[in-house]
1. Quick one: among Arg143, Arg66, Arg177, which has the greatest mean-square fluctuation in a GNM of the chain with alpha-carbon springs under 10 angstrom?
2. How many angstrom lie between the C-alpha centres of region 41-96 and region 183-207?
3. Can you give the net charge of the other residues whose Cβ lies under 15 Å from the Cβ of Arg104, counting K and R as +1 and D and E as -1?
4. Just to be sure I follow: if Rg is taken over the C-alpha atoms of region 52-149 and Rh is the Kirkwood radius over the same atoms, what is Rg/Rh?
5. Hand me the tally of lysine pairs in the chain: alpha carbons under 17 angstrom apart, and the pair either on different chains or 8 or more positions apart.
6. Quick one: Tyr135, Tyr87, fewest Cβ neighbours within 10 Å first, how do they rank?
7. For Ser80, Ser75, Ser11, which order do you get if you count the other beta carbons within 10 Å of each Cβ and list the fewest first?
8. Pick from Asp111, Asp138, Asp100 the residue whose mean-square fluctuation is largest in a GNM of the chain, springs joining Cα atoms under 10 Å.
Amino acid sequence: MSTGSTAVLPSMAPEVQKFFAGGGAGMTAVFCTYPLDLARARMALLIEQGAKEVPSMFGTVRDVWREAGIRALYSGAGVSMTGAAIYCGLKFATYDGCKDWCRRYLLPDPDGPPSALHRALSGGVAGVLAQTFVYPFDVLRRRLQTGGAAMKEKYPGSIRGLWTLYKEEGVVRGLYRGCALNYVKTVPNTTVYLALFDILKDTFCTA
């Protein structure tokens, strides 16, 4: 997946450039949409607790704003932005790296374009690697979104929060709790998304 001009980071390897480009895009996307994600988490918690009335997504955003101000809408955003930067950066960098490997070692013509199967395989590998690396950030994010001030005191920041989670609950039951089910959702999504994006980009850009 070509990212166009590399003049901004000319001394870095293409995979490193894509890591920073993907990471920057991921952080920006999270910052712009985080209040909605916070509202979704709060609504899911209310439903889980058996609340009789659950406000709409925008109603939840409004209620949080009125009760605690705009800063409350970004509770846990630092953890989410860190995770998104790593996830998106790894996803794009790994995808291109796997695709280049397939081109060199699995295709009869190393200079030819990879097949749809090879693109899908590369997308799946990228999804597994990225999701495995950042899943603990996702666990911490959900706790900060739904736990209020108590959780912010317990998990102050990404690194200290992850370390506390690891010490108290371990790897399997803490950092990676529910990870297997998350693979079922995210890996197929990444496989289809990256492969289809690449195919459509090549189709329309060369038309």
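Read-outs throughout are calculated quantities, based only on the coordinates presented, and are distinct from any laboratory measurement. Since we're looking at a predicted model, the values are computed, not measured. As a convention, Cβ positions derive from the backbone with ideal geometry for all residues, glycine included, and neighbour counts pool all protein chains shown.
1. Taking springs between Cα atoms under 10 Å, the residue moving most is Arg66.
2. Taking the Cα centre of each part, region 41-96 and region 183-207 sit 26 Å apart.
3. Charge balance in the 15 Å sphere: -2.
4. With Rh from the inverse mean 1/r over Cα pairs, Rg/Rh is 1.23.
5. On the way: Lys18/Lys91; Lys18/Lys99; Lys18/Lys201; Lys91/Lys99; Lys91/Lys185; Lys99/Lys201; Lys152/Lys167; Lys154/Lys167.
Value for the chain: 8.
6. Tyr135, Tyr87
7. Listing Ser80, Ser75, Ser11 from fewest to most nearby Cβ atoms yields Ser11, Ser75, Ser80.
8. Asp111
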